[in-house]
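Structure, as structure tokens:
Since every read-out is calculated from the coordinates, none of them should be taken as a lab result. Since the structure is predicted, the reported quantities are computational estimates derived from the model, not experimental observations. With ideal geometry, Cβ positions are generated from the backbone for all residues, glycine too; neighbour counts draw on all protein chains shown.
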Amino acid sequence: MSAALVVENLGVRYGGVTALRDVSLSVDEGQILTVLGANGAGKTSMLRGISGLVSSTGTVTHHGRTLGRLDAAARARAGLGHVLEGRHVFPDLTVRENLHLGSLLSPKPAEGVERALALLPELEEMAGRKAGRLSGGQQQMLAIARAISGSPSVLLLDEPTNGLAPMLVQRTIDVIGAIQELGVAVLLVEQRVEVAQALGSEVLVLQRGEVVGTAHGTDDDLEDRIHTAYLA
Amino acid sequence: MTDFINNVLIPGAAGGATAGLFALAFVVMYRTTGVLNFAHGQLVMLMPLGVLVVSDLWGLPVVLGLVVAVLVLAAVVLMEERVAIRPFVQSGHAMPWILSTLGFSVVLAELMAIPYRAQPVRFPWGISAKAHDLGGIQVSWAEIAIVVAFILLVAALTIFDRRTTTGLRLRAVAQDKDGAAAIGISPGAASRLSALIAGGIAAITGLLIVSTQLVSPELGLTFLFNGFVAAAVGGLDSLHGVIAGGFIVGIVGQTAATYMGGNYVQIAMFSVLLVVYLTRPHGLFGRASVRAV
Ligand SMILES: Nc1ncnc2c1ncn2[C@@H]1O[C@H](COP(=O)(O)OP(=O)(O)OP(=O)(O)O)[C@@H](O)[C@H]1O
Ligand SMILES: [Mg+2]
């Protein structure tokens, strides 16, 4: 297996505030890496640094290619998908139009849309509805489908289960598993330990902008260790 | 009734189309960048001035003048986008871009004053503003042209917006800049394209308003203000909203001019703006709040 995404010494600062310091990680094709952290730990800053939505220090390498000073749009075109915190679907465009725009990153857009709908067939019946009219859970599914329709090789997911009903949390976990099976490298950021457990993924624990530990989703004591980290 | 048509409706519609054309350019730029371009008045005058310089001062064919003016306008618009607009996109503050676009307009006006030493000049190739009598109704070709051009331009841009992938991309940027960047739509490309479209609107506006305006590097603030009011009424991010916004501004302004006197036009405009601020801060069709400006 080759590493699809390698991050070395990533740092993010907002003016004088350091949100992320010296984070290094790597995700292989078809692998899920879950980064767990409490509110304000720096999870979103890490993903936005990787995808280029905020400027960062350190290096991000995608399939051996250093992304350097590429902006977010160029990184997306290179195959780095990012499902943003807060969904960020286009509210006045229909579900179909949202997917169509996402699929333009794909070498074969029509196939990209097909792949996304195969993953999330429930979107099909809402195809003509404006994204802004969907429920939060439906918007989350659309945001994931829009990213997948672009055929990314790496997918960054920012708290996709946030605010979802328990049934939808399970659905999201299943969808992430299916995305992994497509061979996509998934970097997932979460507050819920049970998501990492259900996926059985590798885990990094982020605290105040720094990685403070590694674990595995199948570890028996994962929950205790995370809670200790959250409370620290 | 004929009096009302001649004194209010027709001039109101023509004035409304003018305000609407300014509003259209504002909206095109604002929705992808969050910037209102205070140099738009100069951009509007650049086209007729360019034609005058090439064809009147240099004595070359008018067609050549049009070509040169279009190229100069495109270059200026792209330069403005690069130095005075893009650096301030999404900065979250209005002050920097107010100063940068205003500064750009001052520089442009000074450069544009050079050929005719700041003297206003008549544009000899404009559409005739002479009134024709159609069964008691007085209307000129210039009035008809500006109203028709305005409506056609809004229709064309609306179709472009909804039916083409490029239009869809611009709408995506307008609705969610981070969401658009995350799927590979470059905000820089969107703002450049918006600037070129706004430049095209400026070119058409310029060639139409010189029927009744002298060409000068300073196109009064009233044009910008009425355009802004029209955009605010329709919704700062709504293309088709400028039809309603433009004609409301035109008719209200002309009603005030006819029944109260010319001094009351701007008071009426300002009242329209206040009513919008207080009752519908998103305008009739928009999402973006004018309070943000
Ligand atoms: N745009 C910003 N400007 C200034 N500080 C910011 C900005 N965004 C985040 N921060 C700060 O950086 C730190 C990390 O925030 P970040 O949003 O990355 O955390 P998070 O782990 O994603 O939190 P959450 O679970 O609430 O989403 C916090 O202290 C936050 O206040
Ligand atoms: Mg976050």
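Could you tell me how far the Cα centroid of region A:133-179 sits from the Cα centroid of region B:215-293, in Å? Each part reduced to its Cα centre gives a spacing of 43 Å. Of the residues B:Ala25, B:Ala230, B:Ala268, the one that moves most in a GNM of chain B with alpha-carbon contacts below 10 Å is B:Ala268. Placing +1 on the Cβ of every Lys and Arg and -1 on the Cβ of every Asp and Glu, with no other charges, gives region B:114-223 a dipole of roughly 240 debye about its Cα centre.
Most simply put, chain A has about 55% antiparallel DSSP beta bridges, counting only bridges with both residues inside it. Taking every DSSP beta bridge that has both ends in the protein assembly as shown, the antiparallel portion is near 60%. 3J(HN,Hα) along region A:69-83, derived from phi through the Karplus expression 6.51 cos²θ - 1.76 cosθ + 1.60 where θ = phi - 60°, amounts to 9, 4, 7, 4, 5, 5, 5, 5, 5, 6, x, 9, x, 9, 8 Hz, with x in place of Gly and Pro.
A simple charge model with +1 on the Cβ of Lys and Arg, -1 on the Cβ of Asp and Glu and nothing else charged puts the dipole of region B:38-185 at about 200 debye relative to its Cα centre. Helix-only arithmetic for chain A: the sum of -39500 (n - 2.57) across DSSP H runs with n ≥ 4, divided by the residue total, places the mean residue ellipticity at 222 nm at -10500 deg cm²/dmol. Neighbouring Cβ atoms from other chains, within 10 Å of the Cβ of residues in B:167-177, number 4 on average. Summarising the amide proton neighbourhood of A:Ser201: residues at separation of 5 or more, or on other chains, whose placed amide H is nearer than 5 Å comprise A:Gly217. For chain A, the relative contact order works out to 27 percent when only alpha carbon pairs closer than 8 Å and six or more residues apart are counted. Take each residue in A:88-94, count the other chain C-beta atoms within 10 Å of its C-beta, and the mean is 6. Compute the Cα gyration tensor for region B:188-293, then decide on rounded, prolate or oblate, letting a ≥ b ≥ c be the square roots of its eigenvalues: rounded whenever a/c is under 1.5, prolate when a/b is larger than b/c in the other cases, and oblate in all that remain. Note, shape of region B:188-293 comes out oblate.
Our estimate of slack between B:Met95 and B:Ser128, defined as 0.36 nm per intervening residue step minus the Cα-Cα distance, is 7.8 nm. Computed 3J(HN,Hα) for region B:202-216, one whole-Hz value per residue from the Karplus formula 6.51 cos²θ - 1.76 cosθ + 1.60 where θ = phi - 60°, is 4, 4, 5, 4, x, 5, 7, 6, 6, 5, 10, 10, 6, 7, 8, glycine and proline marked x.
Phi angles of region B:98-108 translate, via the Karplus equation with coefficients 6.51, -1.76, 1.60 and θ = phi - 60°, into HN-Hα couplings of 4, 5, 6, 6, 5, x, 4, 5, 5, 4, 4 Hz per residue; Gly and Pro are given as x. When you filter the trypsin sites (Lys or Arg not before Pro) in region A:58-112 for DSSP loop state and at most 13 other Cβ atoms inside 10 Å of their Cβ, you are left with A:Arg69.
Taken over the alpha carbons of the protein assembly as shown as equal point scatterers, the Debye sum produces base-10 log I(q)/I(0) values at 0.09 Å⁻¹ of -0.73. Estimated from helical segments only, the mean residue ellipticity of chain B at 222 nm is -21000 deg cm²/dmol, where each DSSP H run of four or more residues counts as -39500 (n - 2.57). For region A:10-52, backbone nitrogen atoms closer than 11 Å to the point 7 Å from A:Gln191 Cα along Cα-to-C-beta are found at A:37-41. Note on the protein assembly as shown: lysine pairs with Cα distance below 25 Å, sequence gap of 8 or more or different chains, count 4.
Taking other C-beta atoms within 10 Å as the exposure proxy, B:Asp176, A:Asp92, B:Asp133 rank B:Asp133, A:Asp92, B:Asp176 from fewest upward. Summarising the label geometry, the points placed 7 Å from Cα in the beta-carbon direction at A:Thr61 and B:Thr164 lie 4.2 nm from one another. Per the Debye calculation on region A:84-151 with a single equal scatterer at every Cα and no solvent contribution, log₁₀ I(q)/I(0) for q = 0.11 Å⁻¹ amounts to -0.19. What the Cα convex hull of region B:2-222 gives, in volume per residue, is 134 Å³. Extent along the principal axes, Cα only, for chain A: 47, 39, 37 Å, with the longest axis given first. Remark on A:Gly213: its backbone amide H falls under 5 Å from those of A:Val205, a criterion applied only to residues 5 or more positions apart or on other chains, H modelled at 1.01 Å from N.
Taking amide H as placed 1.01 Å from N in the peptide plane, the amide H of A:His82 sits under 5 Å from that of A:Leu156, each at least 5 places away or on another chain.
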